[in-house]
Amino acid sequence: MNISIEINGKKYEAQHRETILEVLNRNGIKVPTLCHMKGFIPSGACRICVVEIEGSSKLISSCSYPVSEGMKILTHSPRVIEARKTIVELLLSNHPDDCLYCVRNTNCELQNLAKEYHVIERRIFGSKNNFKTDFSSVSIVRNPNKCILCGRCVRVCEEIMGVSCIEYTYRGSKTCIGTTLQKGLNTSSCVNCGQCIMVCPTGALSEKNQTLAIKEVLGQKNKTVVVQYAPAISVSIAEAFGLEAGKDINGILNAALRKIGFDYVFDTSFAADLTIMEESAELIERIKHNKNLPMFTSCCPAWIKFAEEYAPEFLPNISTCKSPQQMMGAIIKSFFAKKKNISPEQIFSVSIMPCTAKKFEAQRETMSHNGISDVDLVITTRELIELIRVYGINMNQLEPEMTDTPFGIRSTAGKIFATSGGVTEAAIRTLYKELTNTELQKFKINEVRGFEGRKEMKLNINGKEIGIAVVSGLKNAAELITEIKNGRNDIHFIEIMSCPGGCIAGGGQIIGSSKNDIELRMKSLYHIDETENLKLSHKNPEVSELYSCFLEKPLSHKSHELLHTKYEKRDVLL
Amino acid sequence: MKTKIDEILEKYENIERDSLIPLLQEIQESQGYISEEAIVKTGKKLQIPTSKIYGVATFYNQFRFEPIGKYHIQVCRGTACHVLGSATVLQELESILKIKAGQTTRDGLFSIEVVACIGACGLAPVISINGEFFANVTSEKIREIINNYRSKEINHE
Ligand code: SF4
Ligand code: SF4
Ligand code: FES
């Protein structure tokens with residue numbers, strides 16, 4: 001049913017039950033929002049989105065108010081603008097005011113609003129907050145003093161991740177977002193996904209920044225500093241340098257990392273190929289013996305921690321494969337070290353990930369060999385961008401370069417790991433070959449592509465039906481697990497990524513990218529897959545070489561020693 | 001081993017989420033505070049994340065999350081006490097003991113609780129320590145009272 005309304009004196013069509021904000025957005029009329037998140041039920045907490053409605057004495061919040069026939073709306077009347085300005089001033093009244101020393105300086109919604117509404121003096125004085133910053137997590141830093149209580153983090157953590165380790169606590173002027181008993185995030189059920197950082201409008205949430213440590217180690221002469229970057233990185237940073245969003249700048253990235261001073265540069269996509277070799281062999285074994293099925297993927301460390309906390313009974317079902325980051329780390333400090341005649345102790349292994357949970361993963365006890373950790377330091381996309389800037393690298397002036405050998409070649413199967421469904425497509429290609437001894441002809445599997453939180457399909461190989469599910473967003477994973485607990489048994493392989501859409505939308509990525517930017521990253525990955533020739537992990541010549549001169553074969557003794565891991569039930573406050 | 005908290009929880013069969021507050025009240029009544037064990041077990045029983053239980057509990061002033069001290073000090077914030085300066089008394093008390101209302105000193109000796117009118121308005125501002133009332137408390141007086149308790153402790157040892 002169509003209804004007609006008037007906005008700022010002009011007529012517009014609207015749908016019954018639409019909110020005012022939806023109509024405004026659709027017609028390119030911008031009103032600010034803070035607590036609002038697209039796709040979530042409005043909470044109406046912040047009131048920055050107020051508009052004036054003829055005949056109503058109160059200003060109303062447009063994000064939660066539905067349109068009705070004949071409604072006359074003013075979005076920028078003097079009264080509305082003044083009200084919004086006052087709201088911003090109130091939010092600032094207890095704010096630390098240390099923008100210059102804030103991680104979100106120049107990329108802060110509160111700062112932007114203060115500028116937009118011309119807040120140039122302090123009219124409202126409130127007592128400052130005096131909360132402790134929580135540095136306990138290896139991934140996430142939480143500074144409640146900068147929090148404006150919009151509640152976005154709380155909602156993402158609960159409604160997308162199904163974790164709910166943070167919540168509004170206390171009330172009135174003492175209200176703050178906190179954990180159970182205000183304990184450190186490290187002892188909570190937080191899975192380190194970083195999705196809360198991605199939605200926080202201010203500097204209240206950020207990654208544990210490690211750029212200083214990188215600068216230090218790059219200055220040390222006696223260390224060989226090796227870097228790997230995840231498949232998502234090369235399609236995720238272009239926009240930060242004025243290039244078109246989603247553009248694959250792989251070669252330029254290699255050049256930039258060498259300029260910064262890294263001695264060797266690797267693409268984690270190579271290790272993704274390696275993961276596919278191990279993981280598909282593992283799946284075949286499990287199907288053959290009908291054991292520990294369905295098998296869950298293990299590349300996403302936030303999912304792993306989630307399972308250890310919430311679904312320990314399914315730990316035997318998770319692939320024992322280390323994630324590509326950790327496999328890469330392990331072979332860098334073994335095969336590569338030997339080949340280059342460098343002792344593993346002398347190597348400092350850095351990885352660049354679109355992910356905050358990878359920081360946690362790298363320091364898990366099991367992610368080491370003979371007391372030497374696979375990966376020494378993990379930085380996110382955001383920290384990488386910081387480094388590129390601080391080292392004065394001009395991305396527009398660099399000539400593309402190749403990654404280093406060995407491990408210098410990747411298939412496109414390894415590359416598409418960065419998107420939800422990618423691991424599955426890559427695995428199917430190798431699985432098909434292993435089971436039929438012929439190559440798959442049609443690579444593209446539309447059923448597992450896209451941003452849908454749950455995708456399912458049945459694959460028919462040699463008359464055997466293999467059930468496949470692809471999930472992103474841990475809340476969706478929890479739902480699927482419940483179905484399995486309740487007896488669902490038609491699925492053999494389940495890919496789980498915590499972040500909605502996969503690593504291209506990871507918690508370490510650029511803050512403030514639009515949905516469209518993220519879609520472009522996905523497009524870019526599939527374009528690479530479409531246009532390049534080497535599409536199969538098992539056809540990667542450097543992977544074959546690694547097996548023939550070091551690992552022998554998938555699931556070999558050596559593989560188990562270096563490339564596989566185990567999981568343990570975790571006791572945290574659920 | 002079955003704890004007191006288990007026993008309380010067992011009494012609530014087919015419990016719904018809206019009984020959270022009475023349940024927490026009963027636990028506090030029995031234990032003197034809401035412990036981590038209480039939060040975890042209540043969360044399990046009601047299928048609510050512990051953060052939500054804690055969030056609800058902190059919303060109300062009545063719950064505390066640390067066991068009360070040997071000397072439990074209740075500061076009245078009823079209207080009469082308020083008018084006659086109980087806020088200053090509370091502030092002073094918090095600074096002497098270096099804890100906030102709802103907390104307990106590290107040595108377990110003192111805890112502070114802010115209570116609504118305790119019905120002794122004639123004595124305002126009034127505090128009660130383990131049930132014993134102290135009338136017309138001022139900043140100086142509260143210091144003296146605490147010092148007395150402290151020396152009592154030292155002499156006993
Ligand atoms: S990192 Fe993820 S799990 Fe942890 S608080 Fe943030 S959203 Fe929740
Ligand atoms: S931490 Fe950030 S996202 Fe969470 S409520 Fe505060 S301002 Fe909002
Ligand atoms: S955005 Fe509408 S009330 Fe916060």
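The values are calculated or read from the model by the stated rules, or taken from the named source; none is laboratory data. Model, not experiment: these values are computed from the prediction. Cβ atoms come from the backbone with ideal geometry, glycine included; neighbour counts cover every protein chain shown. When the accessible area is computed, the model is the full protein with side chains, heavy atoms only, and any ligands, DNA or RNA have been set aside. Shrake-Rupley method; radii C 1.70, N 1.55, O 1.52, S 1.80 Å.
Figures for the structure shown
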{"quantity": "Matching helices (runs of 4 or more DSSP H) fully within the stretch A:187-263 where at least 1 residues are open to solvent by less than 30 Å² (accessible area, probe 1.4 Å) and within 16 Å of ligand 3 (Cβ to nearest atom)", "calculated": "A:195-199"}
{"quantity": "Residue satisfying all of: in the stretch A:550-574; in contact (Cβ under 8 Å) with a residue 40 or more places away in the chain and within 23 Å of residue B:37 (Cβ to Cβ); surrounded by the most Cβ atoms within 10 Å (Cβ to Cβ) among these", "calculated": "A:573"}
{"quantity": "Where residue A:65 falls short, out of the listed (1) within 16 Å of ligand 3 (Cβ to nearest atom); (2) open to solvent by less than 30 Å² (accessible area, probe 1.4 Å); (3) over 17 Å from residue A:203 (Cα atoms)", "calculated": "(2)"}
{"quantity": "Close pairs (9 angstrom Cβ cut-off, 6 or more residues apart or separate chains): at negative phi in the stretch A:72-99, acidic (Asp, Glu) and in a helix (DSSP H, G or I) anywhere", "calculated": "A:84/A:116; A:88/A:116"}
{"quantity": "Selection count, the stretch A:116-154, where residues are more than 13 Å from chain B (Cβ to nearest Cβ), within 16 Å of ligand 3 (Cβ to nearest atom), outside any loop (DSSP other than H, G, I, E, B) and open to solvent by less than 60 Å² (accessible area, probe 1.4 Å)", "calculated": "1"}
{"quantity": "The stretch A:106-115: number of residues that are open to solvent by 50 Å² or more (accessible area, probe 1.4 Å) and not in a helix (DSSP H, G or I)", "calculated": "2"}
{"quantity": "Filter result (open to solvent by less than 60 Å² (accessible area, probe 1.4 Å) and within 18 Å of residue A:181 (Cβ to Cβ)) within the stretch B:22-40", "calculated": "B:23, B:24, B:27, B:28, B:32, B:33, B:34, B:35, B:38, B:39, B:40"}
{"quantity": "Residue check, residue A:293 open to solvent by 20 Å² or more (accessible area, probe 1.4 Å) and out of contact with any Pro (no Cβ under 6 Å at 6 or more places or on another chain)", "calculated": "yes"}
{"quantity": "Any pair with Cβ under 9 angstrom, 6 or more apart, that starts in the stretch A:287-310 at a residue that is more than 23 Å from residue A:417 (Cβ to Cβ) and ends at one that is not aliphatic (A, V, I, L, M)", "calculated": "A:291/A:285; A:291/A:316; A:309/A:189; A:309/A:569; A:309/A:570; A:309/A:571; A:310/A:162; A:310/A:189"}
{"quantity": "Subset of the stretch A:34-59 (residues that are without any contact (Cβ under 8 Å) to a residue 24 or more places away in the chain and open to solvent by less than 60 Å² (accessible area, probe 1.4 Å))", "calculated": "A:42, A:44, A:53, A:56"}
{"quantity": "Some residue of the stretch B:114-137 being more than 14 Å from every other protein chain (Cβ to nearest Cβ), farther than 30 Å from residue B:19 by Cβ and in contact with an Asp or Glu (Cβ under 8 Å, 6 or more places away or on another chain)", "calculated": "no"}
{"quantity": "Qualifying positions in the stretch B:47-71 - more than 7 Å from every other protein chain (Cβ to nearest Cβ) and either closer than 13 Å to residue A:181 by Cβ or touching a Leu at 6+ places or on another chain (Cβ under 8 Å) (or both)", "calculated": "B:48, B:53, B:56, B:57, B:63, B:64, B:66, B:69, B:70, B:71"}
{"quantity": "Test: residue in the stretch B:94-109 that is touching a helix residue (DSSP H, G or I) at 6+ places or on another chain (Cβ under 8 Å) and open to solvent by 80 Å² or more (accessible area, probe 1.4 Å)", "calculated": "yes"}
{"quantity": "Qualifying positions in the stretch A:419-473 - open to solvent by less than 70 Å² (accessible area, probe 1.4 Å), out of contact with any strand residue (DSSP E or B) (no Cβ under 8 Å at 6 or more places or on another chain) and in a helix (DSSP H, G or I)", "calculated": "A:422, A:425, A:426, A:429, A:430, A:433"}
{"quantity": "Given (1) in contact with a helix residue (DSSP H, G or I) (Cβ under 6 Å, 6 or more places away or on another chain); (2) touching a residue at least 12 places away in the same chain (Cβ under 8 Å), index of the condition residue A:170 fails", "calculated": "(2)"}
{"quantity": "Residue check for residue A:544: under 20 Å from residue A:271 (Cβ atoms) and surrounded by fewer than 15 Cβ atoms within 10 Å (Cβ to Cβ)", "calculated": "yes"}
{"quantity": "Subset of the stretch A:198-218 (residues that are among the acidic types (Asp, Glu) and within 19 Å of the chain's Cα centre (by Cα))", "calculated": "A:207"}
{"quantity": "Options A:523, A:515, A:539; residue that is touching an Asp or Glu at 6+ places or on another chain (Cβ under 9 Å) and open to solvent by 60 Å² or more (accessible area, probe 1.4 Å)", "calculated": "A:539"}
{"quantity": "Scope the stretch A:158-174; condition at the interface with another protein chain (Cβ under 9 Å from one of its Cβ atoms) and either open to solvent by less than 40 Å² (accessible area, probe 1.4 Å) or part of a loop (DSSP other than H, G, I, E, B) (or both); matching residues", "calculated": "A:163, A:164, A:165, A:166, A:167, A:169, A:170, A:171"}
{"quantity": "Residues of the stretch A:175-184 satisfying the condition of being open to solvent by 30 Å² or more (accessible area, probe 1.4 Å) and either more than 8 Å from chain B (Cβ to nearest Cβ) or in a strand (DSSP E or B) (or both)", "calculated": "A:182, A:183"}
{"quantity": "The stretch A:6-62, subset among the charged types (D, E, K, R) and part of a loop (DSSP other than H, G, I, E, B), residue nearest to ligand 1 (Cβ to nearest atom)", "calculated": "A:38"}
{"quantity": "Enumeration of residues in the stretch B:63-90 that are surrounded by 15 or more Cβ atoms within 10 Å (Cβ to Cβ) and among the polar types (S, T, N, Q)", "calculated": "B:74, B:86"}
